[in-house]
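Everything below concerns the one structure shown next.
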Amino acid sequence: MDLNAVRAFVAVADAGQFQKAAVDLALTQQAVSKRIAALEKDLGVRLFVRTPRGAELTIDGQALLPHARVLLSAEERAVAAVRPGDRALRVDVVGRRAATGGLVQDFHRAHPRIALDVVTLFDVDTAVTAVRDGAVDATFRAVTMPGHRLPDGVGALPVLDEPLSLCVGPGHVFARAAAVTPAQLAGHRIWMPGNVPGTEWHAYYEAFAAAFGPAVDTIGPNFGLEALLDTIAGSTTVATILSERTPHVWPAGHDLRLVPLVDPVPVYPHSLLWHTDNPHPGLTALRDHLTATRPRPPRGTTWRPSWAAPRQGGAVTSPSGTSGPPRGC
């Protein structure tokens, strides 16, 4: 399999557009299209469908994507094996548009000379295994979800308590509220079709539902954020939970509102995980940067699951999962 074609396939899948992928690869759009066409010919399947919004993976493309990432990762490890000390710092961010993706972008702006390779692993088991085995240098995760334990030698540094907000359409009962308490969500439907069992975010929202009583609904296929927001915009009963730190773009006609959640503020606890024996020089710079620039926690009382208690610094979490601000803040 032509790894250049595989690399083009992954770039288009990540960017959602042939043009953006071409810029990322420093190629022409025509060259990227030719590589994708050659790969599709070799495999005998279509990998993308072109839409007005860009390029969407077909079912075959979705099936190929995780294997394509493995192929590129194997190529990188092979190259690194013969060029020690000349490898980019490889960081997993779950999603490039997520809040942790923004943290890595801020680090890159502060340290442009440190080469970065940003990857997106899906679940916590894969990410922690990759850290343990050296396939990635660091990952951002919520630790430690029930039934999981970090392997020996894997360190954890709390870096962001991300405040969450309620996202509703203009006809929802909370659309005109200045703020909403988590307790007020009891019995209300919170739709999160991407909330996959076995992930740390599924464990987080299970604990949130148990603590405050909303009906967290994961039923239905996950067609992506845009389809989710289309549904929220037209519904008077369905809401979802988002963060202001994650960039969202939606049509002006949707008139969606992000309503702050307060008393307590639910925060999603992101930590940086890395192997303590990893000698990559960029790791120290990344940890120092995240420590120095860690955002101040939101005012007032915050909530996180009891299993997500900070390990270094930060607030001291009670058994109920409610905590106050860190000492000294």
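Throughout, read-outs are computed from the coordinates displayed, never taken from laboratory work. Since the structure is predicted, the reported quantities are computational estimates derived from the model, not experimental observations. With ideal geometry, Cβ positions are generated from the backbone for all residues, glycine too; neighbour counts draw on all protein chains shown.
Taking every DSSP beta bridge with both residues inside region 165-260, roughly what % is antiparallel (nearest 5)?
Working: 7 of 12 bridges.
Antiparallel bridges: around 60 percent, rounded to the nearest 5.
Count the DSSP beta bridges whose two residues both fall in the chain, then state the antiparallel fraction as a percent rounded to the nearest 5.
Of those bridges, close to 65 percent are antiparallel.
Please compute, for the alpha-carbon atoms of region 165-260, the extent along each of the three principal axes and give them in descending order in Å.
On the principal axes, region 165-260 reaches 35, 28, 24 Å in Cα extent.
Under DSSP H, which helices of the chain have Cα atoms covering 15 Å or more of the helix axis and a Kyte-Doolittle average no less than -1.0?
Working: long enough: 3-15 (18 Å, 1.28); 29-43 (21 Å, -0.36); 59-82 (36 Å, 0.59); 99-110 (17 Å, -0.15); 200-212 (18 Å, 0.07); 281-292 (17 Å, 0.03).
Sorted by number, the helices that extend far enough and score high enough are 3-15, 29-43, 59-82, 99-110, 200-212, 281-292.
Net charge near D92: determine it from the other residues with C-beta under 12 Å of the C-beta of D92, scoring Lys and Arg +1 and Asp and Glu -1.
Details: positive: R69, R90, R96, R141; negative: D117, D123, D137.
In short, +1.
Taking only the Cα atoms of region 234-296, how large is their convex hull per residue, in Å³?
157 Å³
Restricting the count to DSSP beta bridges whose residues both fall in region 1-154, what percent are antiparallel, rounded to a multiple of 5?
Taking every DSSP beta bridge within region 1-154, about 40 percent pair in antiparallel fashion.
Net charge near H172, counting Lys/Arg +1 and Asp/Glu -1 over other residues with Cβ under 11 Å of its Cβ?
+2
How would you order 92-101, 178-187 from highest to lowest mean count of nearby Cβ atoms within 10 Å?
Going from most to least packed, we get 92-101, 178-187.
Around L185, under 14 Å between beta carbons, what's the net of Lys plus Arg minus Asp minus Glu among the other residues?
So the surrounding residues net to -1.
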